[in-house]
Ligand code: C2O
Ligand code: CU
């Protein structure tokens, strides 16, 4: 618990004490099994909480240009929150009220979108539907109650291919104190994966490089970062479990995580909290915007090194050629005695899928076309790019099944704002283990089916590809929920 701020530690201790008193059973050990500075080189600073109320987290985020060292000797003028890449981690307990005082000191307008959070539309950070863009020199206060536990993230929603590419993103960790007993892994780490494009002159790459073909592919950065660092170090005690909360915050890059032969990931959670039950995976594929909650158990002799790598993942035409496997985290086994604790409790959760009764069905095609005259590529839902799009209509209480057919040569990680969905199999049964998602990969030339329910919170909620170039290139629409169609304002440039 060394890295917890005192207030949080106390909060958790009180909750635990209450739980223990109520259950009158002995508590599980809640002590770190790791060496004292095991995560020092990788852990992200948290945004300081300015509010003394234990159930209110109040922070300041300033977007500003600051020098950032991509690797030793390579310094770029990056776009940062509070001077850091990633921005400071937002860390709250589920049910807390979060207040974010956002100041924009960038040369361009910006906003903050809280990816995956089921919050009111006015807090969603989308210009035109949630708020006006926050102009340079202006401020905006976000203020809401955090509804779900899990690992989320935040980023701008104005020209996001550029702004995220330049460094604006941060982790958002929502803890459920009850998981101290149901998951019972004390050593937790948040891992935010991203990349940055730096050109030969040592400056941030032009976000329009490669023109419309660059957009169609989705521009990847040439420097892969883990919590803002290149291949940071992590210490591990052999045999001791660690719980990792992983976020793919890159703007186009997929990751296929691999711990090497003999090691697996016990995946216990995804985008929207814990799974129905855990699954063992050799590789963990994360599309852009997706998250995973996993338990890993490094093993080895003292001084041995394990490497967390990203293997090549085929996300479509040209995506694996001339690419290399990336080293992400170098894990060194400490000289502590091998840990041989009792097995961890099985993670089990009752998740009740939305009933598919009375569902409204929608079919959508993801399309890529080239203009006969300008030769420019244009993505769309059913051949309609966002600037001409009409929204998907929904009423409060609707359950909808969306069948999404990707006709394009590239995969698209589609993200729905404000609501969770379930992925359905070919028989329209929710995929087991059940899990709540807000971002789903629709691989090239494949079809995915989603079950989504719009229970509350009228508004215009975006649905778009999280390869941010693809969104800018047209692959963006919205759900216009419980609002008259006459009120629909066409998507403005920059809403992505
Ligand atoms: Cu992560 Cu529309 O965003
Ligand atoms: Cu896409």
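Read-outs throughout are calculated quantities, based only on the coordinates presented, and are distinct from any laboratory measurement. Remember, it's a predicted structure, so these values are computed and weren't measured experimentally. Note that we place each Cβ from the backbone using ideal geometry, even for glycine, and neighbour counts take in every protein chain shown.
Here are the numbers for the structure shown:
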item: Virtual spin-label span in nm between residue 65 and residue 145, 7 Å along Cα→Cβ; result: 4.2 nm
item: Neighbour-count ranking [beta-carbon atoms within 10 angstrom, fewest first] of 212, 310, 319, 302; result: 302, 212, 319, 310
item: Interatomic Cα distance distribution for region 435-480, bins of 10 angstrom, percent; result: 21, 51, 26, 2
item: Overall form of region 131-213 per C-alpha gyration tensor (a/c, 1.5; a/b vs b/c); result: oblate
item: The chain, helix-only ellipticity at 222 nm - DSSP H runs n ≥ 4, -39,500 (n - 2.57), divided by all residues, nearest 500; result: -2000 deg cm²/dmol
item: Degrees, to the nearest 10: 6-23 long Cα axis against longest axis of the chain; result: 70 degrees
item: Mean separation of Cα contacts under 8 Å (6+ apart) over length of region 357-435, as relative contact order %; result: 32 percent
item: The chain, relative contact order [Cα under 8 Å, separation at least 6], %; result: 14 percent
item: Relative contact order of region 30-91, pairs being alpha-carbon contacts under 8 Å that are 6 or more residues apart, as %; result: 29 percent
item: Shape call, region 352-487: gyration tensor on alpha carbons, a/c limit 1.5; result: oblate
item: Between region 328-344 and region 220-285, the Cα center-to-center distance that results, in Å; result: 16 Å
item: Euclidean distance of C-alpha centroids, region 155-189 and region 60-103, integer Å; result: 12 Å
item: The chain shape via C-alpha gyration tensor axes, a/c threshold 1.5; result: rounded
item: Percent of beta bridges antiparallel (DSSP, the chain, rounded to nearest 5); result: 70 percent
item: log₁₀ of I(q)/I(0) at q = 0.12, 0.26, 0.28, 0.29 Å⁻¹ - region 413-467, Debye sum with one point per alpha carbon; result: -0.29, -1.14, -1.23, -1.27
